[in-house]
Amino acid sequence: MTRSEELFARAIKVLPGGVNSPVRAFRAVGGKPRFIVKGLGSHILDEDGLEYIDYVGSWGPMVLGHSHPDILKAVYDRMVNGLSFGAPTALEVEMAEKMVSMVPNIEMVRMVNSGTEAVMSALRLARGATGRDKIIKFEGCYHGHSDAMLVGAGSGALTQGEPDSKGVTKGAARDTLMAQYNDLSSVERLLNANPGEVAAVIVEPVAANMGVVPPGDGFLQGLRALCDKHGALLIFDEVITGFRLAAGGAQQYFGVRADLVTFGKIIGGGMPVGAYAGSRALMEQVAPCGPVYQAGTLSGNPVAMAAGLAQLTILTDHPEIHTVMETSAQYLANHLRASAAKHGVKMQVNQVGSLLCPYFTKTPVDCFGAAKTSDTEKYAKYFNEMLLRGVYLAPSQFEAMFVSSAHTQQDLQFTVQAAEEALALV
């Protein structure tokens, strides 16, 4: 028995499914999860001493790779003075100022502890600010595990076979309306059918929890126009895309204004963190300024702020990083397409910025329905063949590959060769 297998056998006795987040259990791809002991740059090492090129990157935050020396130094310098105070620190102010300087259309930020918490809080603010109850989301888009958002959810929920969750009451889900991603008419129908009742439309600007599905031409612009027409707020869930697509996130990348934006992952540099942000007029409706209550003992944790600030500073000091990552992702996408064609494998490869996803289907993937046509058994075979060759991918068809600035040309060439061999066998 390997060390990872031994740990998993122990874990299933004390953790539900042996994990603390469902996709980690490898149930969608078979086999046993690898227990990771170390990360450096683009590589991770498991408990058995096996090394992998990592395209999970802690599900997105490791935009500069693992164990970046500047981030580790920032964390160490902060933690020797204390881990948490439940009181304001200068780092919270510096972090918020940094975010406001980078992201278009935001004037104030509230720090929280996770992407789920950021979305939950932004939705409450949208309801409080508009005096309306209903929210429109898109099937297959994942916005964390708060009750109202576990309706037509994406991400790991898809390959678990349970897109919705037990324990979510009908009342919690009643005010969540479902539209189709990349289908403006589905949004317009819901707005027309619920006049004056929709507080917000929430969307992943790039749907990165049903793989990677880019917005069609005019889709995000159309959402902006519909929200303006019907008096609803537009919320960009940028927990994944924020600071990854561009220094200013999806608003900068696509040139579309959101009213509220949620963040996570990258702004913590690997530490647990989240945030929501918007105009001063909206954000000053949050307590203690206004009547929309939200609080958190560990919000603005100084260690997380130190890590995130170090990472954002590197991104602003080196604007070429986003171009490098996008070029690397394009390289992988093009070679995956070529290898699939060579071996007669029906595959679509979607890529936006440093995000990409191979789908085992002949159908172009532009929405949730198309994503579901992917052959998940073939993906599982592909995943395991890549794992055997030292490439660590997401253990689910409906997740993104995350390319970092630490991935070298040698890493990319190794990955392309591994994919060539794996696709010959699926």
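When the residues Leu260, Leu40, Leu184 are ordered by accessible surface, computed with a 1.4 Å probe over the protein chains alone, the sequence from largest down reads Leu40, Leu184, Leu260. Projecting the Cα atoms of Asn20, Ser101, His68 onto the dipole axis of segment 1-123, where Lys and Arg carry +1 and Asp and Glu carry -1 at the beta carbon, places Asn20 farthest toward the positive end. Taking label points 7 Å from Cα along the Cα-to-Cβ direction, Arg224 and Ser84 give a separation of 3.9 nm.
Give me the extension gain from Gln413 to Ala287: residue separation times 0.36 nm, minus the current Cα-Cα distance, reported in nm with one decimal. Result: 40.2 nm gained on full extension. Taken over segment 262-402, the ratio of Cα radius of gyration to 2.2 N^0.38 Å equals 1.39. Think of a 1.4 Å ball rolled over the protein heavy atoms: the chain then has 41 Å² of accessible area per residue. Extents of segment 242-282, largest first, come to 28, 23, 10 Å (Cα atoms, principal axes, whole angstrom). Projecting the Cα atoms of Gly49, Ser185, Val213 onto the charge dipole of the chain, computed from C-beta unit charges around the Cα centre, puts Ser185 farthest toward the positive end. Evaluated with a Cβ-only charge set (Lys, Arg +1; Asp, Glu -1), the chain carries a dipole of roughly 740 debye about its Cα centre, given to the nearest 20. Expressed as a whole percent, the accessible area of the chain that falls on carbon and sulfur atoms is 53 (1.4 Å probe). Residue farthest toward the positive end of the dipole of the chain, with Cβ of Lys/Arg at +1 and Asp/Glu at -1: which of Gly268, Tyr331, Gly222? Positive-most Cα among the choices belongs to Gly222. In summary, the lysines within cross-link reach of Lys134, defined as a Cα separation below 28 angstrom excluding same-chain residues under 8 places away, comprise Lys166, Lys170, Lys229, Lys265, Lys372. Averaging 1/r over every pair of different alpha carbons in segment 1-132 and inverting the result gives a Kirkwood radius of 18.6 Å.
The values are calculated or read from the model by the stated rules, or taken from the named source; none is laboratory data. Source: prediction; values computed, not measured. Cβ coordinates were reconstructed from backbone atoms using ideal geometry, including for glycine residues, and neighbour counts include every protein chain displayed. Surface areas here come from the heavy atoms of the whole protein model, side chains and all, with no ligands, DNA or RNA. Shrake-Rupley method; radii C 1.70, N 1.55, O 1.52, S 1.80 Å.
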